[in-house]
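Some notes on the structure that comes next.
Read the figures in this text as sums done on the coordinates, not as results from a lab. It should be emphasised that the depicted structure is a prediction, and the values quoted were computed from it without experimental measurement. Don't worry about glycine lacking a Cβ; one is built from the backbone with ideal geometry, like all the others, and counts go over all protein chains shown.
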Amino acid sequence: MDGGPGAGSTDDADAGDAAGGGERLQKVLARIGFGSRRASEELIEAGRVRVNGSTAVLGRRVDPEHDRVEVDGVPVGVRPGLVHYVLNKPRGVVSTSEDPQGRPTVVALVPSEPRVFPVGRLDADTEGLLLLTNDGELAHRLTHPSFGVEKEYLAEVEGTPSPGSLRRLREGVVLDDGLTAPARVSLPAPNLVRISIHEGRNRQVRRMCDAVGHPVVRLVRTRIGPLAERELRPGQWRSLSTSEVRDLGAATGPAEP
Ligand code: URA
């Protein structure tokens, strides 16, 4: 069931709506970057916007703190309390909130309020892009293998992998937890492997390179789905823009995989 007061909704689940509260959906959409209010109304009229799983009609009001809004099946970042940071993780920093060994943590490198957590993990000795957020839904979609979001790494390796080694990396190598899925692999320099994977198993790139006889000397994550940030120095972070958050959400595909 859907529709705002103007549509005669009796949707009990939407307290804001039932009380005539909340904000007009087109206003919320316009604010977060879907164009003018008129353009946002057209999205609603075209049936492309869903609220809490139901197609929205014009007049719909939403509570941006609680309602789940999707455009074309992709959740949009409407909840004002959410923050999303991208950090260039330095080597030697752990991707957990606390470390029993007292090593520095990624969480200590970004603002402490609101509390955020890292989206997936990089090994302590891996560098590069790491997201931190309090957006549990997006974090889940970016890390769960069923959504298949691609992550790209640059691995400096011992020796120069042969075309046969690169083909094995590409087609799949057998690790102790099974065969790896097909990967995109190139060799931009004799001892540098660029590899894009979408599984995210523990120490996967290191184990794959080990398996073909080229241990990793240095590993840097250079891209998470559509997000490739080159300006941040190690230890620096910045907030993602609304459109970057939206593009990351879109990279995870429609709401239900
Ligand atoms: N693969 C690895 O081996 N390590 C990481 O930190 C990330 C991917």
- Rounded to two decimals, what is Rg over Rh for the stretch 146-192 when you use alpha-carbon atoms and the Kirkwood radius? 0.98
- Task: With a Förster radius of 25 Å, plug the Cβ-Cβ distance of residue 140 and residue 160 into 1/(1 + (r/R0)^6) and report the FRET value to the nearest 0.05.
- Result: 0.05
- Note on the structure: Counted neighbours (other Cβ, 10 Å), sorted fewest up, put 98, 152 in the order 98, 152
- Could you point to the residue in 165, 245, 109 farthest towards the positive end of the chain's charge dipole, with +1 and -1 charges on the Cβ of Lys/Arg and Asp/Glu respectively? 165
- Before anything else, pin down the relative contact order of the chain: Cα pairs under 8 Å, at least 6 apart, normalised by residue count, whole percent. 19
- Message: For 153, 85, which order do you get if you count the other beta carbons within 10 Å of each Cβ and list the fewest first?
- Response: 85, 153
- With the cut-off at 28 Å, report for the chain the share of all Cα pairs above it, as a whole percent. 44
- Treating only Lys and Arg (+1) and Asp and Glu (-1) as charged, each at its beta carbon, one finds that the stretch 119-219 has a dipole about its Cα centre, in Debye to the nearest 20, of 260
- Query: Taking the chain as a Gaussian network, Cα atoms linked when under 10 Å apart, which of 187, 29, 154 shows the biggest mean-square fluctuation?
  - Reply: 187
- In Å, the Kirkwood hydrodynamic radius from C-alpha pairs for the stretch 150-224 sits at 11.9
- Message: Using Cβ counts within 10 Å as a stand-in for footprinting exposure, how do 239, 112 rank, fewest first?
- Response: 112, 239
- Task: Go through 146, 40, 131 and say which Cα lies farthest out towards the positive end of the charge dipole of the chain; charges sit on Cβ, +1 for Lys and Arg, -1 for Asp and Glu.
- Result: 131
- Message: Given Cβ point charges of +1 (Lys, Arg) and -1 (Asp, Glu) and nothing else, what value in debye, to the nearest 20, does the dipole of the chain about its Cα centre take?
- Response: 940
- Task: Mind giving me the FRET efficiency for residue 167 and residue 147? R0 is 22 Å, r the Cβ-Cβ distance, nearest 0.05 is fine.
- Result: 0.25
